[in-house]
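The values are calculated or read from the model by the stated rules, or taken from the named source; none is laboratory data. Computed from a predicted model, the values in this text were never measured in an experiment. Please note: Cβ atoms are built from the backbone with ideal geometry, for glycine as well, and neighbour counts cover all protein chains shown.
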Amino acid sequence: MANETMGIALGMIETRGLVPAIEAADAMTKAAEVRLIAREFVGGGYVTVMVRGETGAVNAAVRAGADACERVGDGLVAAHIIARPHREVEPALAGSAGFVGSKD
């Protein structure tokens, strides 16, 4: 998997609560051609949603997701984009318990 994701941007939105996370994920996938790759329940009610795609698409998706999350209430904690994650970051992402499509 690491080879197919090299050079593909990573977008992350962290929220307070599940509803803002779902709203953000919905807005991100509708706003741009990105792939929803993970959701992580961080603890204390925090949820992180991650998407991958081309840098421009991820940028547009994260903006749309952050805007949607703010409309739901005070749910947005952080929004961040990494244009080309280093290859050492990939194992940390693959180890995520909340990978979309995983059998966990």
Scanning for something touching a Phe, Trp or Tyr at 6+ places or on another chain (Cβ under 8 Å) and among the polar types (S, T, N, Q), does the range 35-51 turn up at least one residue? no
Matching option when the condition is assigned to a strand (DSSP E or B) and of a type outside the set (Phe, Trp, Tyr), among ALA57, ALA38: ALA38
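Here is a yes/no grid of residues against (1) under 22 Å from HIS86 (Cα atoms); (2) in contact with an Asp or Glu (Cβ under 7 Å, 6 or more places away or on another chain); (3) among the β-branched types (Val, Ile, Thr); (4) modelled with pLDDT under 95:
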residue	(1), (2), (3), (4)
MET12	yes, no, no, no
GLU23	no, no, no, no
MET28	no, no, no, no
ARG39	yes, no, no, yes
GLY44	no, no, no, yes
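Considering the range 32-45 alone, what residues qualify as being under 19 Å from ILE8 (Cβ atoms), free of Cβ contacts under 8 Å to residues at least 40 places away in the same chain and either buried (at least 22 other Cβ atoms within 10 Å of the Cβ) or not aliphatic (A, V, I, L, M) (or both)?
GLU33, VAL34, ARG35, listed by residue number.
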Condition met for THR55 (more than 11 Å from the chain's Cα centre (by Cα) and among the hydroxyl-bearing types (Ser, Thr, Tyr)): yes
Just one of THR55, THR48, THR29 is β-branched (Val, Ile, Thr), surrounded by 15 or more Cβ atoms within 10 Å (Cβ to Cβ), within 12 Å of ILE8 (Cα to Cα) and out of contact with any His (no Cβ under 7 Å at 6 or more places or on another chain); which is it? THR55
Criterion: β-branched (Val, Ile, Thr) and touching a Lys or Arg at 6+ places or on another chain (Cβ under 6 Å) - qualifying residue of ILE22, ILE8: ILE8
Out of all the residues in the range 65-75, is one or more in contact with a Cys (Cβ under 6 Å, 6 or more places away or on another chain) and either at pLDDT 95 or above or of a type in the set (Gly, Ala, Ser) (or both)? yes
Among the numbered criteria (1) modelled with pLDDT of 95 or more; (2) among the hydroxyl-bearing types (Ser, Thr, Tyr); (3) surrounded by fewer than 19 Cβ atoms within 10 Å (Cβ to Cβ), which single criterion is violated by SER102? (1)
Which condition breaks for GLU70 when tested against (1) free of Cβ contacts under 8 Å to residues at least 24 places away in the same chain; (2) under 18 Å from ALA83 (Cβ atoms)? (2)
